[in-house]
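Read through the structure below, which is laid out as structure tokens, and then see the notes.
The values are calculated or read from the model by the stated rules, or taken from the named source; none is laboratory data. Treat the numbers as computed from the prediction; the structure is a model and nothing was measured. Neighbour counts run over all protein chains shown; Cβ positions are idealised from the backbone, glycine included.
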Amino acid sequence: MKRIDIHAHAVAFPELTPRHRYTGERFLSAEELTSMYDRFGIERGVLLPIVSPEAQCFLMTPEGACTLSRQNPDRFSWFCNVDPRAVDHRPSSDLGYLLEHYKNLGAKGVGEVTANLYADDPKMENLFEACTALGLPVLIHIAPHEGGLYGIIDELNLPRIEKILKKYPDLTLIGHSQPFWSEISADNTDEIRNGYPKGKVTEGRIAALMREYPGLCCDLSAGSGCNALTRDPDYAAGFLTEFADRIYYGCDICASFNDHPARLNAFLDSLVQSCGISRETYEKICFRNAEQLLGLN
């Protein structure tokens, strides 16, 4: 199956990049990432810069993502990224000026947005408004609270994300992270929402929001996306089928030991083989939706 990774990270200067303070690993170079792609059967990745300092050892710039994409045009597309506090740290900052600059260079979206601000903070709304005006989809990492981690902040049941979806109906918002995917089930709690909940799914907030707001999409990357599906294969089959046009295959490979794409591939393969999902649904999730988003078809 052809696959496009909606959630990729790579560093332009691996020899200069600091290693993680706990694992000793560093983010992969473009060559290292494409080698892993060959292992997992992935044709192309979308490089996501990280420009907010929260819980990060270093920043990945849009310029770096653009450069790697131009050096490897057959393997990478790219998103740009702008911190909502950029320019002059005000809700009225002209973020559109920066975003339009990157869009003109070839950026197909914005993300991964990781600023540790509330989702409806005026500075966040300023960013979402600028992205809406330019027609740029936004990939977000949601966090459960302020401090000690990264990601835009929302409470249980994602009330602030709903506020954004309602205020910006033309915005494409691609959700990601443990607090996002734990909302697949109604039994979510504050104690488990930043982890990997187990057990059968009772339909939760994600499905309700997706039915109400056509702009909400899903990123299957990392352990969070894979866990949300594999915890209840029967529910996953129905969820993937109903929202097949707005779900994107993703990896979020951050180190050489990351093997979660193999688990996700095996699970999706098993759903097709058991007729839990159709071949058409699988193709949409694995590459057709991404091709449309990136303008590749």
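Return the only residue of Y97, Y102 being surrounded by fewer than 18 Cβ atoms within 10 Å (Cβ to Cβ), farther than 30 Å from G195 by Cβ and of a type in the set (S, T, Y). The conditions single out Y97.
Scoring G111 on the criteria (1) surrounded by fewer than 24 Cβ atoms within 10 Å (Cβ to Cβ); (2) not in a helix (DSSP H, G or I) leaves a single failure, condition (1).
Would you mind stating whether N116 is in contact with a Pro (Cβ under 8 Å, 6 or more places away or on another chain) and surrounded by fewer than 22 Cβ atoms within 10 Å (Cβ to Cβ)? Criteria not met by N116. Of the helices (runs of 4 or more DSSP H) lying entirely inside the range 202-293, the ones with 1 or more residues being touching a Cys at 6+ places or on another chain (Cβ under 8 Å) are found at 205-212, 222-230, 260-273. Residues of the range 243-297 that are of a type in the set (S, T, N, Q) and at pLDDT 95 or above: N265, S270, Q273, S274, S278, T281, N289, Q292. Scanning the range 66-86 for residues that are of a type in the set (D, E) and either surrounded by fewer than 18 Cβ atoms within 10 Å (Cβ to Cβ) or not in a loop (DSSP other than H, G, I, E, B) (or both) yields a single hit, D74.
For the range 195-212, name all the residues that are in contact with a strand residue (DSSP E or B) (Cβ under 8 Å, 6 or more places away or on another chain) and crowded, with 17+ Cβ neighbours inside 10 Å. Correct list: P197, V201, G204, I206, L209, M210.
Restricting the range 50-79 to residues that are within 17 Å of V138 (Cβ to Cβ), in contact with a strand residue (DSSP E or B) (Cβ under 6 Å, 6 or more places away or on another chain) and among the hydrophobic types (A, V, I, L, M, F, W, C), the residue that is modelled with the lowest pLDDT is M60. In the range 246-273, the residue that is farthest from H20 (Cα to Cα) out of those that are among the small types (G, A, S) and free of Cβ contacts under 8 Å to residues at least 40 places away in the same chain is S270. Of the conditions (1) among the charged types (D, E, K, R); (2) part of a loop (DSSP other than H, G, I, E, B); (3) farther than 25 Å from A266 by Cβ; (4) out of contact with any helix residue (DSSP H, G or I) (no Cβ under 8 Å at 6 or more places or on another chain), E63 satisfies every one except a single condition; which number is it? That leaves (2) as the condition not met. The set of residues in the range 27-54 that are among the aliphatic types (A, V, I, L, M), touching a Ser or Thr at 6+ places or on another chain (Cβ under 8 Å) and not in a strand (DSSP E or B) comprises L28, M36, V51. If you check L139, L165, L171, L149 for being out of contact with any helix residue (DSSP H, G or I) (no Cβ under 6 Å at 6 or more places or on another chain), among the aliphatic types (A, V, I, L, M), assigned to a loop (DSSP other than H, G, I, E, B) and on the phi < 0 side of the Ramachandran plot, only one passes: L149. Annotation note: of H145, H89, the sole residue that is free of Cβ contacts under 8 Å to residues at least 24 places away in the same chain and surrounded by fewer than 24 Cβ atoms within 10 Å (Cβ to Cβ) is H145. Whenever a residue of the range 191-218 is closer than 16 Å to S177 by Cβ, its partners that are hydroxyl-bearing (S, T, Y) and loosely packed, with under 13 Cβ neighbours inside 10 Å, lying with C-beta atoms within less than 9 angstrom and at least six residues away or across chains, give the pairs P197/T189.
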